[in-house]
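See below for the structure under consideration.
The values are calculated or read from the model by the stated rules, or taken from the named source; none is laboratory data. Bear in mind that the values here come from a model prediction, so they are computed numbers and not experimental data. Quick reminder, even Gly has a Cβ in these numbers, built from the backbone with ideal geometry, and neighbours come from all protein chains shown. These area figures cover heavy atoms from the full protein model, side chains too; ligands, DNA and RNA do not enter into them. Shrake-Rupley method; radii C 1.70, N 1.55, O 1.52, S 1.80 Å.
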Amino acid sequence: MKKIVIIGGGFAGALAAKKLENENFNVVLIDTKDYFEFTPGILRTIVKPNHIKRIQVLHKDYLNKAKVIIGEVIDISDKNILVKVNGKKKRISFNYLVISSGSDYDSPIKEKNLVISSRTDILRKSYKKVCRAKNILIIGGGIVGTELAAEIATHYKNKNITIVHSKPYLMERQNDKSRKYAENFLKKIGVKMVFNENAVKKDGRDYVTDKGTRIKTDLALFCTGITPNFEFMKRNFSHHLNEKNQVKVNSFLQLENHRNIFAAGDITAIDEEKLAQNAEKQGRVAARNIINLENGRNLKEYKSRPRVMVISLGKWDGIITYKNIALTGIIPGILKTLIELKTMFRYKF
Ligand SMILES: Cc1cc2nc3c(=O)[nH]c(=O)nc-3n(C[C@H](O)[C@H](O)[C@H](O)COP(=O)(O)OP(=O)(O)OC[C@H]3O[C@@H](n4cnc5c(N)ncnc54)[C@H](O)[C@@H]3O)c2cc1C
């Protein structure tokens, strides 16, 4: 039986593992964490810690035949990978490799190298810090910073929340209507927004921007974007990385000159919004192409295109965006919850 090694059990890797274990393959999923987590639901756990249970599932509970290894892949070559498990290094050979190591984000939003119980502790501690803090600074006003400000401000009425954003408006990659709706929504619930400035310096607990604005801060939360998890590529595969350390792939998601090595999800150099839905689509294409290679069939192309996105503004409001269209209000808020339920249903039942 051919062996498929999958690095990372996020949206791309978990889906590929689930799909491939039902074919005639020996599948090995390697992840630094022992669980899959629905990242879009994390922001809610910061105000509602009991939400954590709903958005996590152990890899061993949704995979029936695949082998799960909890460890960190530290090196890869043409034929095998080197993984560190409990301090010991181990080589694992493969016939096919799927690189789906995703991206990192500031704590507590994403965390690597954790078992599920420690992750729960960290999220509960973050919740307590948010409860105690009167003045909360959110650094970064992209989608994550905007959603986080809305989660906290709709949940607590007595906090001073400020977003500092280096751009002239929130969520600069979204259309005008979405941006304005989010900005007005946050303004109405008392969130202050400082644009075209960077929070650069800490002075005591407070932060001072590059233009000298002082922001009273008890708690600062960083929402400044993702960095790819690429370190294991450095020694033998650095020529497959672009200038942002993302993995370059062809339209079938293969690495150049490696028919049997695929990449999927946030780690790829595909120029598009880094989204769970794109990661899942790529995980599916990579899995399908491994099956097709084995059966001598044509490979499937991954087609990058603008996708409908759902941005939540607290539990009961949000925005559905697509190109220049924006649908706002309660329906997007509910839709986001339904997407979470649907995804977790797939893994839990
Ligand atoms: C707060 C937040 C909200 C978001 N909201 C949305 C949303 O509403 N809709 C949407 O579509 N997208 C959303 N996204 C984006 C989405 O979460 C990502 O696009 C998605 O998680 C990418 O999936 P992935 O499988 O590529 O990687 P990841 O989810 O990052 O998973 C990668 C996995 O690989 C593991 N790993 C990393 N390095 C190694 C290694 N060396 N060895 C072994 N394992 C390793 C990691 O521990 C992790 O488990 C959001 C992101 C954030 C941070």
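Excluding same-chain neighbours fewer than eight residues apart, the lysines reachable from residue 67 by a Cα-Cα span under 22 Å are 2, 3, 18, 19, 33, 79, 84, 88, 89, 90, 112, 348.
In the chain, what % of DSSP beta bridges are antiparallel (nearest 5)?
50 percent
Ignoring any ligand, DNA or RNA, what whole percent of the accessible area of the stretch 24-125 comes from carbon and sulfur when the probe is 1.4 angstrom? Answer for the stretch 24-125 is 46 percent, counting heavy atoms of protein chains only. If R0 is taken as 41 Å, the Cβ-Cβ distance between residue 198 and residue 269 corresponds to a FRET efficiency of 0.95. Around the amide H of residue 73, modelled in the peptide plane, lie the amide H atoms of 84, all under 5 Å away and 5 or more residues distant in sequence or on another chain. Take the Cα of residue 213, step 7 Å toward its Cβ, do the same at residue 121, and the gap between the two points is 3.8 nm. Considering only protein heavy atoms and a probe of 1.4 Å, how much of the accessible area of the stretch 295-346 is carbon and sulfur, as a whole percent? Of all accessible area on the stretch 295-346, carbon and sulfur atoms account for 61 percent. Rounded to the nearest whole Hz, the Karplus-based 3J(HN,Hα) values (6.51 cos²θ - 1.76 cosθ + 1.60, θ = phi - 60°) of the stretch 339-349 follow the sequence 4, 4, 4, 5, 5, 5, 4, 4, 8, 8, 10, with x at glycine and proline. Over the chain, accessible surface divided per residue gives 48 Å², non-protein components excluded, 1.4 Å probe.
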